[in-house]
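The values are calculated or read from the model by the stated rules, or taken from the named source; none is laboratory data. This is a predicted model, so every value here is computed, not measured. So basically every Cβ, Gly included, is an ideal-geometry build from the backbone, and we count neighbours across all protein chains shown.
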Amino acid sequence: MLESALIYLAAAIVAVPIAKRLGLGSVLGYLLAGILIGPFLFGLVGDQTDTMHFAEFGVVMMLFLVGLELHPSRLWKLRHSIIGLGGLQVTLSTLILFAACFYILELRWQTAMAIGLMLALSSTAIVLQTLTEKGWIKQEAGQSSFSVLLFQDIAVIPILALLPLLAFADLSAVANDQSHGNLIEHFPVYVQVLISVTVIAVIILAGKYVSAPVFRYIANTRLRELFTVFALFLVITIAVLMQKIGLSPALGTFLAGVVLAESDFRHELEADIEPFKGLLLGLFFITVGASIDFELFAEQFNNILFLVIGLIAIKAFVLYLLATLFKLPGKQKYLFALALAQGGEFAFVLLSLTSSLQILDDTQTKFTTLVVAMSMLLAPLLLIFYDKVIDKKSLADNSYEPTDEIEPTTQVIIAGYGRFGQIIGRLLSAQGYHLSILDHSPSQIELLKRFGNKVYYGDASRQDLLEAAGADEAQLLVIAIDDADKIIELAQLAQKHFPNLKIVARARDRRHAYQLMSIGITAFKRESFDSALNLGIEALKLLGNDEKIAHRAGKLFSDHDHESMKLLADLWGDDDSYGVAVKQRKEDLQQVLAKDRAELANLNTCHGENCEEQK
């Protein structure tokens, strides 16, 4: 087991960076790593069946994270493309593939229908991973692709129910053989439906009303690892529960993600789950690559090549037709068609069922597995072709206009939303800027919610949490937390990983301001300076000074102090030199203010008189 893990890791370390450098993307890199270590090339690992079942959990986690990004209101806005576009894609692709298998390949109609249903599905893992990497997921084609993939995941449920009706095997024997997997299959159909609906309702209600106090309780412990453990426990529990009642685990976790999308702890969940999703998805792609039977591919090269090209051509034709029907603009039609033209990971799940039901014989199962795997291997290449050829060629015609964002793009991230951060947040929000707010205090989050604020739980000094909050696309980071060391740590992290992100920071005192200046942060405010200065101006007025004179003195003091900070910053740390310089600047300030008072006195003396000589 440890040796296999070592081989997987080594293959990924070698293949993925090379693929990324060549512009092939991480997905193709993982697939190539699987091919290298597979039993049909170097033979470093054996059969991948058990590993595939484990690796498919990466797809489950990915759909949970997708759900977290998709608020129920956003899902409702996509209903037309999910039902219309997704429904037509599955239906038309299934019918055409069925006709091709039945009339051209002369398969039995039951076999042809099963193959049509399986091959109509596309790879959620490959498509979403690649579209996200390329930044296409928010384009119109990306949103349409997501809608189709979501419908396909939902469609797995009725497909699983339909396949036994096509069976040639004794269903009672198959049911007994698989009884350990589904706990409700021995009930009548209407009872199974009732149980399924009840479980889904429980997931929704628990996500809406139970999750928040549980998350808050865990967050109050301030144990980051406990939050991570609970996040994994949540995903695994829902996946297992859905599997036990015969539903898609991916669909269940997606639904849970959608419910939790409104949670204050959404960003922290994303940050905790993301590394596990990436690892398991990488494992999934490696196992797909390792499962490709190159001996069969060599023996049946012409037939396999014909079937793979035929599958991609049929699905691309249907997708381009639907893209035209739904009026996707210009080159977005090609992106939509090429993105979904491959087979999908759920085909492997359905193939195991069709094999046990004897809908497909061993040879047909091996052929279908190889066709799906090869089409998935070609999927990143199709998107590279779009990126390098179609997209580049059509840049000049400017035929694509970005689709409206379902949710406003994050413009400002505010880290820390206490008394300091709230003032900045209210000002920016009033000016129409879209904020992503992070705070590490569950009680503060609960308090702010009462006033209509949307604040998310999390430690902003974590890179993954900043990414989840939108640091890659945001324009400004406001650091308003009250821990001086954390402010420095966060500023350095943002400078290193998000160089295009402008930074303004809260400085606790003069010493802290010098620290910020030493790392290149020039936009900062000492938290008590302005309020103390304004109160000093009020004190001057109460002492009998004219209002104009008091404000003028305050401005001179502020300007001199800011100038002093710039001059003294380089000396900070050298106690002797710094002390001498501070004393000199203090004397300079007294002279500046004395000179200004004298000038004002002269102006007042000659007020109303002829003062040309003084002027």
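A few remarks follow.
- Looking only at the stretch 318-364, and only at residues there that are hydroxyl-bearing (Ser, Thr, Tyr) and farther than 22 Å from residue 126 by Cα, the one that is nearest to the chain's Cα centre (by Cα): 324
- Which numbered condition residue 285 fails, given (1) of a type outside the set (Val, Ile, Thr); (2) within 30 Å of residue 441 (Cβ to Cβ); (3) touching a Leu at 6+ places or on another chain (Cβ under 6 Å): (2)
- Annotation note: Cβ proximity below 8 Å between a residue of the stretch 115-142 that is farther than 16 Å from residue 382 by Cα and in contact (Cβ under 8 Å) with a residue 12 or more places away in the chain and a residue that is among the aromatic types (Phe, Trp, Tyr) and buried (at least 24 other Cβ atoms within 10 Å of the Cβ) (sequence gap 6+ or interchain) occurs for 118/346; 121/346.
- Residues of the stretch 522-568 that are hydrophobic (A, V, I, L, M, F, W, C) and either outside any helix (DSSP H, G or I) or at positive phi (or both): 523, 524, 543.
- Under the condition of being more than 21 Å from residue 493 (Cβ to Cβ) and exposed (fewer than 11 other Cβ atoms within 10 Å of the Cβ), the residues counted in the stretch 512-531 number 1.
- Candidates 173, 219 - the one that is under 29 Å from residue 265 (Cβ atoms), modelled with pLDDT under 80 and of a type in the set (Gly, Ala, Ser): 219
- Residue in the stretch 442-469 that is modelled with the lowest pLDDT, counting only those that are in a loop (DSSP other than H, G, I, E, B) and surrounded by 17 or more Cβ atoms within 10 Å (Cβ to Cβ): 453
- Single residue of 301, 285, 227, 276 found to be aromatic (Phe, Trp, Tyr) and at pLDDT 80 or above: 301
- Subset of the stretch 271-296 that is β-branched (Val, Ile, Thr) and part of a helix (DSSP H, G or I) - its residue that is surrounded by the fewest Cβ atoms within 10 Å (Cβ to Cβ): 273
- Some residue of the stretch 497-509 being outside any loop (DSSP other than H, G, I, E, B), more than 28 Å from residue 433 (Cβ to Cβ) and of a type in the set (Lys, Arg): no
- When residue 489 is tested against (1) at pLDDT below 85; (2) among the acidic types (Asp, Glu); (3) in the same structural domain as residue 522 (by TED's automatic domain parsing), just one condition goes unmet, and that condition is (1).
- Within the stretch 55-62, none of the residues are surrounded by fewer than 15 Cβ atoms within 10 Å (Cβ to Cβ) and either at pLDDT 90 or above or assigned by TED's automatic domain parsing to the domain that holds residue 312 (or both).
- Taking every residue in the stretch 416-439 that is assigned by TED's automatic domain parsing to the domain that holds residue 460 and pairing it with any residue that is in a strand (DSSP E or B) and among the acidic types (Asp, Glu), at least 6 positions away or on another chain, the pairs with Cβ-Cβ distances below 6 Å are 417/439.
- Residue check for residue 537: closer than 20 Å to residue 429 by Cα, at pLDDT 85 or above and surrounded by 14 or more Cβ atoms within 10 Å (Cβ to Cβ): no
- Among all positions in the stretch 282-299, there is at least one residue which is farther than 19 Å from residue 36 by Cβ and either within 30 Å of the chain's Cα centre (by Cα) or free of Cβ contacts under 8 Å to residues at least 40 places away in the same chain (or both).
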